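A.B. asks: Right, I'll just put the structure down here and ask away after.
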Amino acid sequence: MSKKETCGARIATARRKAGLTLQSLADKIGVSKQAVSLWEADDRSPRLDNLRAIASACSVPVQSLIGDAP
């Protein structure tokens, strides 16, 4: 059985593929670096508006972050 990728892992992957650091993503979406770090570690879940901002900053569909991408 394969482990399902978490939302935090998908955020981290999208951020790295976009060439962004934790701080640069945080700056782009108007949150703290710690907030992004907590989301990527799955210690906290981002609100939908933040997921939309992350998706926009990383040029990916929101669905790819929440796991509903086809």
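The values are calculated or read from the model by the stated rules, or taken from the named source; none is laboratory data. The model shown is predicted, which means the values in this text are computed figures rather than measured ones. Every residue, glycine as well, gets a Cβ built from its backbone with ideal geometry; the counts of neighbours run over all protein chains shown. Areas reflect the complete protein model, heavy atoms only, side chains present, ligands, DNA and RNA absent. Shrake-Rupley method; radii C 1.70, N 1.55, O 1.52, S 1.80 Å.
A.B. asks: Name the single residue that is surrounded by the most Cβ atoms within 10 Å (Cβ to Cβ) among those in segment 54-70 being assigned to a loop (DSSP other than H, G, I, E, B) and modelled with pLDDT of 95 or more. Break it down stepwise before answering.
C.D. replies: Just the residues of segment 54-70 that are assigned to a loop (DSSP other than H, G, I, E, B), to begin with: 59-61, 67-70.
Imposing the further condition that a residue be modelled with pLDDT of 95 or more reduces the set to 59-61.
Details: Ser59: 9, Val60: 19, Pro61: 14.
Residue satisfying both the conditions and the ranking: Val60.
A.B. asks: Then there's this: Determine whether Ala35 is without any contact (Cβ under 8 Å) to a residue 24 or more places away in the chain and either touching a strand residue (DSSP E or B) at 6+ places or on another chain (Cβ under 6 Å) or in a helix (DSSP H, G or I) (or both). Even if it seems obvious, please write down each step before you answer.
C.D. replies: Values: without any contact (Cβ under 8 Å) to a residue 24 or more places away in the chain: yes; either touching a strand residue (DSSP E or B) at 6+ places or on another chain (Cβ under 6 Å) or in a helix (DSSP H, G or I) (or both): yes.
Spelling it out, Ala35 is indeed without any contact (Cβ under 8 Å) to a residue 24 or more places away in the chain and either touching a strand residue (DSSP E or B) at 6+ places or on another chain (Cβ under 6 Å) or in a helix (DSSP H, G or I) (or both).
A.B. asks: So, in segment 8-24, of the ones that are under 17 Å from Ile66 (Cβ atoms) and crowded, with 17+ Cβ neighbours inside 10 Å, which residue ends up nearest to the chain's Cα centre (by Cα)?
C.D. replies: Within segment 8-24, the match that is nearest to the chain's Cα centre (by Cα) is Ile11.
A.B. asks: Take Glu40 and tell me if it is over 10 Å from the mean Cα position of the chain (by Cα) and among the charged types (D, E, K, R).
C.D. replies: Working: over 10 Å from the mean Cα position of the chain (by Cα): no; among the charged types (D, E, K, R): yes.
Spelling it out, it is not the case that Glu40 is over 10 Å from the mean Cα position of the chain (by Cα) and among the charged types (D, E, K, R).
A.B. asks: Scan segment 25-42 residue by residue and report those that are open to solvent by 40 Å² or more (accessible area, probe 1.4 Å) and not hydrophobic (A, V, I, L, M, F, W, C).
C.D. replies: Matches in segment 25-42: Asp27, Lys28, Gly30, Ser32, Lys33, Gln34, Ser37, Asp42.
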